[in-house]
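Colleague: Quick one: this structure, given as structure tokens, is what I'll be asking you about.
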Amino acid sequence: MNRIVVLRSACAVNEAYKEAIENRLKALDLNLEVKTSQDPKLWAAYGVSSRCMMGYCPGCNFHEKMEGKFLPALAINGKLVLHSHFPSDEEIDQALLDGIK
């Protein structure tokens, strides 16, 4: 069974990221559930960090260049496939198609 997890904080950018993943699944006619995690322990297991400053959005400086792996991120079947930026529809499609068994 495929497992799709959006690693995220509680902000509007991360919510839009999750919605983008769900929209691309629908566009690809893939009926799969997207789970989310705001658990820092799970983020760490994937080597992902948050730059979010709670209470200030966009406190993550999301649109600035980042070094490392940051939220929001997408993991498929235990593998981190996207992170640190808001991907295009094409990037999401490719990650989904490559990651789903």
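Colleague: Could you list, ordered by first residue, the pairs with Cβ atoms under 7 Å in which the first is in the stretch 8-20 and within 18 Å of Lys41 (Cα to Cα) and the second is surrounded by fewer than 16 Cβ atoms within 10 Å (Cβ to Cβ) and at pLDDT 90 or above, at least 6 apart or interchain?
Modeller: Note: pairs meeting the criteria are Arg8/Gln38; Ser9/Gln38; Ala10/Gln38.
Colleague: Let me ask something else about it. What strands (runs of 3 or more DSSP E) lie completely within the chain and have 3 or more residues being modelled with pLDDT of 90 or more and surrounded by fewer than 15 Cβ atoms within 10 Å (Cβ to Cβ)?
Modeller: none
Colleague: Related question: Any residue in the stretch 73-101 that's under 18 Å from Lys35 (Cβ atoms): show its pairings with residues that are among the acidic types (Asp, Glu) and surrounded by 15 or more Cβ atoms within 10 Å (Cβ to Cβ) at Cβ separation under 7 Å, as long as the two are six or more apart or on different chains.
Modeller: Leu82/Glu91
The values are calculated or read from the model by the stated rules, or taken from the named source; none is laboratory data. Being a predicted model, the structure only gives us computed values, none of them experimental. Please note: Cβ atoms are built from the backbone with ideal geometry, for glycine as well, and neighbour counts cover all protein chains shown.
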